[in-house]
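Engineer: Have a look at this one.
The values are calculated or read from the model by the stated rules, or taken from the named source; none is laboratory data. Predicted model only: the values in this text are computed from it and were never measured. Cβ coordinates were reconstructed from backbone atoms using ideal geometry, including for glycine residues, and neighbour counts include every protein chain displayed. Ligands, DNA and RNA are excluded from the accessible area calculation, which covers all protein heavy atoms including side chains. Shrake-Rupley method; radii C 1.70, N 1.55, O 1.52, S 1.80 Å.
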Amino acid sequence: ICLRFYYRIFNFVRFFMGITNKVLLNFESKQKVKTDSPRVAIGDIVQVKVLIKEGNKERLQQYEGTVISIKKGELITVRRVFQGIGIEYNFSLFAPHIASLIIKRHSKVRRSKLFYLRDRIGKK
């Protein structure tokens, strides 16, 4: 009795693992991973083009600003001042809707987060 029971469990586990492996292979083949994103650092002025879908139309929206934080190497916060109001956007570098990321200017800063820019007024 014990050997039959273990044999049935073994066959079930083997069957289940085969199904999960097929699902994982399909999922990995469908997912596109971006590996060509540029090396973004804190303080860089970047231009991010985002693919926006409106109904059945697609267009590119451009955001440009200073990188004030990077979280876990894949989530960046871009800040810019527009008409006297500070606007911050969070972008995932490996998201499929990010069309391009261009570094306009590289800056050397001595902080890991530039949250003090939130209190600054104007371009000084």
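Engineer: For region 20-59, name all the residues that are under 18 Å from the mean Cα position of the chain (by Cα), at pLDDT below 90 and assigned to a loop (DSSP other than H, G, I, E, B).
Structural biologist: Across region 20-59, the qualifying residues are Q31, K32, V33, K34, T35, D36, S37, P38, R39, V40.
Engineer: With respect to Y63, determine if the residue is aromatic (F, W, Y), within 11 Å of I45 (Cα to Cα), open to solvent by 40 Å² or more (accessible area, probe 1.4 Å) and touching a Phe, Trp or Tyr at 6+ places or on another chain (Cβ under 7 Å).
Structural biologist: So Y63 passes the test.
Engineer: I'd like the residue in region 70-87 that is in contact with a Leu (Cβ under 7 Å, 6 or more places away or on another chain) and either assigned to a strand (DSSP E or B) or at pLDDT 85 or above (or both) and, out of all such residues, is most open to solvent (accessible area, probe 1.4 Å).
Structural biologist: Result: R79.
Engineer: Here's something else I'd like to know. Out of the residues in region 88-124 that are assigned to a strand (DSSP E or B) and of a type in the set (D, E, K, R), which is surrounded by the fewest Cβ atoms within 10 Å (Cβ to Cβ)?
Structural biologist: Restricting to residues being assigned to a strand (DSSP E or B) and of a type in the set (D, E, K, R), the top hit is R105.
Engineer: Test R105 against the criterion of being more than 16 Å from the chain's Cα centre (by Cα) and in contact (Cβ under 8 Å) with a residue 60 or more places away in the chain, and give yes or no.
Structural biologist: Here the answer is yes, as R105 does meet what is asked.
Engineer: From (1) touching a Lys or Arg at 6+ places or on another chain (Cβ under 8 Å); (2) touching a residue at least 40 places away in the same chain (Cβ under 8 Å), pick out the condition that doesn't hold for I87.
Structural biologist: Exception for I87: condition (2).
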